Structure formats: structure tokens, C-alpha cells
1. Looking only at 104, 369, 93, which one moves most when the chain is put into a Gaussian network model with springs between Cα atoms under 10 Å?
2. Under the rule of -39500 (n - 2.57) per DSSP H run of 4 or more residues, summed and divided by the residues of the chain, what mean residue ellipticity at 222 nm is obtained, to the nearest 500 deg cm²/dmol?
3. Helix 8-25 sits at what angle to the longest principal axis of the chain, using alpha carbons and giving 0 to 90 degrees rounded to 10?
4. Could you tell me the distance between the Cα centroids of the stretch 140-165 and the stretch 35-63, to the nearest Å?
5. Apply the a/c threshold of 1.5 to the C-alpha gyration tensor of the stretch 232-271 and tell me whether it is rounded, prolate or oblate.
6. Roughly speaking, what is the stretch gain from residue 61 to residue 177, that is 0.36 nm per residue apart minus the C-alpha to C-alpha distance, in nm to one decimal?
7. Between 287, 366, 236, where does the largest GNM mean-square fluctuation fall for the chain, given springs only between Cα atoms within less than 10 Å?
8. Mind giving me the nanometre distance, one decimal, between the label points for residue 267 and residue 360, set 7 Å out from Cα along Cα→Cβ?
Amino acid sequence: MTLLFGTTAVNVLFNILGKPMTQEFGWERSVISNGLSIETVLVGISIVILGFLIDRYGPKIPSVPMSLAFGIGLMLMSVLPNNQLAFYLLCVVIGAGAGAVNPVAHSTVVSAWFQDRRGMALGILMAGLGSCGVLMPYLANWMLGIGGWRLAFLVIGGLCTVIPAAVYAFVTRMPAEHEAERMAARLQGRMAGESLLTVARKYRQFWLLSIAIFFVSSATFGLMSQIVPMTTDKGISQGTAVSILSVLSLASVSARLLAGYLLDRFYAPAIGSVIFALCAVGVFLIITSSQVGTLFLGAALIGLGLGSEGDLAAYMVSRYFPKHSYGRVLGFIYFLYAQGSAFGIFLLGQVYGATGSYSAGALPIIVLVGVAIACLLMMGSYRFTLDHREIGADNVTVEQKEHV
């Protein structure tokens, strides 16, 4: 429920409400893209901070105030004056709080509670994020038709203020054993688990996964942020463009559930490589085609990549890195996820500004996806079992290794 009103809402709202905002204020389209890039960069920073705080204090204490800042920032967009600086400052506020409505906190909880069906549990969790992309375009478009873009920001911002904060305050909790280990470490004046720097030095998989997620998010979120203007520029109606965006998001929901199912049964990097290859095909179709049917197909394939990358990151962090470092590692991975998104948005914005179309962006984005696939294929065997014990450690038997 929290992720249904999570960080994806910002991409959807700017996508659908960006044009009427620029028309009212007389701004260039790049102002909205720049604001979204600023917000995305701040999302990444807030995720890193949140991951550190989760490993130290648990998910509840840092997530409640951050989620409130996110929702209130969206609500304040409804009273935005014709001032670009004010717009950018609100983007900073939204991004600073958006870490809490990103999957990091909830993935930490799910990975701590679930073992045998961890992949599916993460898939169901991530489906909430995808559902936001499916439902939010219609809600935003409906609000836009009723009362304009200001009403849309006010109503949706209100929902994003109340629901995530309530879930964190009254529902979220960690297993007692996990909390006891964390508190014992705090009493000794340290944090449980290995530091982020230690993980970066010790595990080559840290860098391979980081690069893969950065590059794939550049393709998926970069394109998602531009789907509506990209397709309307080709002569597609606003309603059809919104439907294409919703198909992308609907495919991402299906991909999250499918990826979760597959992660419980097969090798995660191989699953990711196949899905990302299909995503590259979708990128090519969306950028180069003007046929409605082909655009829907391309959006669906991009949705597969958009939906699965979060599942893959959350699952692989639990299988390659220590459990008490989970928040810090996943926070950093999602930081790169956000920076990749910002880079993709910036790249396509620059391509459009220089050429008047998005076509020239196809090749570099496809190359980025190809590099991501290569990184996944070099990940190697899992380092930790489903119950968080290091493979090769003395307390992991041969029989247990065979069932990881």
C-alpha cells in the first residue's frame, strides 16, 4: 500500500501534468525535466541515508518523517507560483523524503522475515510500486480534467502524505531476533554487519550489480519519464499516450510477480539477463516506431525491465552480502538506481533539445542495457544462503549448500 503511493507517483505526475504546467507558466519543457532530474538525484541521496539509518535504528524511526516530507512536498505543488526556483526547491523537498516511499525499507523487512519464498514476497511487495504506475496515470488524468493540474497535485499529494506514514507508524516491524542483534551491536557502540566500504572492498559483486542497475534504470526510467510527450510528438492522442504509459506500468507489475516466482527457482543473474535483453528491444521499438501497436509492445517490454530490476536488486543483495549490511548496500544500489534514472532523463532531454526528436537516444541506451547484461553474467555463485549464512563458512554443511 505504501509503494502504491510511492516514488513512482512523481514520475507519473510530472509526465502527465508537466505539459499543462509549462503551458500555464510559459516554461520550456526542459524545466520539468530538470526538476524531475533534481528530484531523482535527491531520491538517491535520501535512499543512502535511509539505508544507513535503517541498519542502525530499524525502518520505522527514519521512514515516518521522510514519508511525510514527500507527501507534503507534492501537496505544495498545488500552490506553486510562476517561479522556477520555487519549483526546483519543491523538487528538492520531494526528493529528500522520497527515499522512504522507495522499496528499500520494505525490502529490508521482507528479506528479514522470508526465506523459502523470498523472491515471491519481494515480487508482491514490488507489485505495489508497479500498481502505482498503472493506476496513478488515470487518477492524475481524471483530476486534471476535473480541476486542473493543481487539484491533481493536492489530492494525490494528500494520499501520499497520509498512507505511507500510517503504514510505517503502525504496521512495519522487524523480526525479534534481528532487532536483538541490532540492539546488541548498538550497546557495544557499533553497527551490526559490515560497513559499506568493507563490502565494496570485499565483494566484486557489489560493483557489478551497481553498474548493472545504474545502466538499466537509465533506460527504463529515462524512457518512462518521457513516454507521454514522446508519443504525442508522433501524433498519438493524449489519451492513447496515457494508455501506453499504463501498459508499461501494468507490464512492470506482471514482471515483478513473474520475477519473484522465477527468483525462487532459478539463478537470479540469468533471469535478469533475459529480461533486460527484452527491455532493450522495447527501447528500440518505442524510440523508432510510430505505429500504435508497436508502441504498446515496446512499452510492455520496457515494463518487464522496469518491473524486474527492483526485485533482482533486492533479492541479489540478500544472496551476495551480509544480512546486517542489507539496508546500507541496498540503499546504495537504489542510490545508483535513482542516479541512473536521472541520467536517462537528462540524456533523452538533451537528445530532444539538440535534435528535436528522441530517435538519436536509441543506440546509447541499448548499449547501456548491453553492458548491464554483461555485468550480471559475471556475478558468479551466491555468497549467502536463504537463512543469511555465508556459503563456505564452518556452520554451513554440504547438504545446506545443495539447497541454497
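1. 93
2. Values: 16 runs with 314 residues, N = 404.
That calculation yields -26500 deg cm²/dmol at 222 nm.
3. Rounded to the nearest ten degrees, it is 20.
4. 23
5. Details: a/c = 8.24, a/b = 3.31, b/c = 2.49.
Prolate, because a/c is 1.5 or more and a/b exceeds b/c.
6. Working: separation 116, 0.36 × 116 = 41.76 nm, distance 1.84 nm.
Here the segment from residue 61 to residue 177 would lengthen by 39.9 nm.
7. Judging by the Gaussian network model, the answer is 236.
8. 4.0
Throughout, read-outs are computed from the coordinates displayed, never taken from laboratory work. Predicted model, so just to flag it, every value in this text is computed and none were measured. Counting neighbours? That spans all protein chains shown, and the Cβs are built from the backbone with ideal geometry, glycine included.
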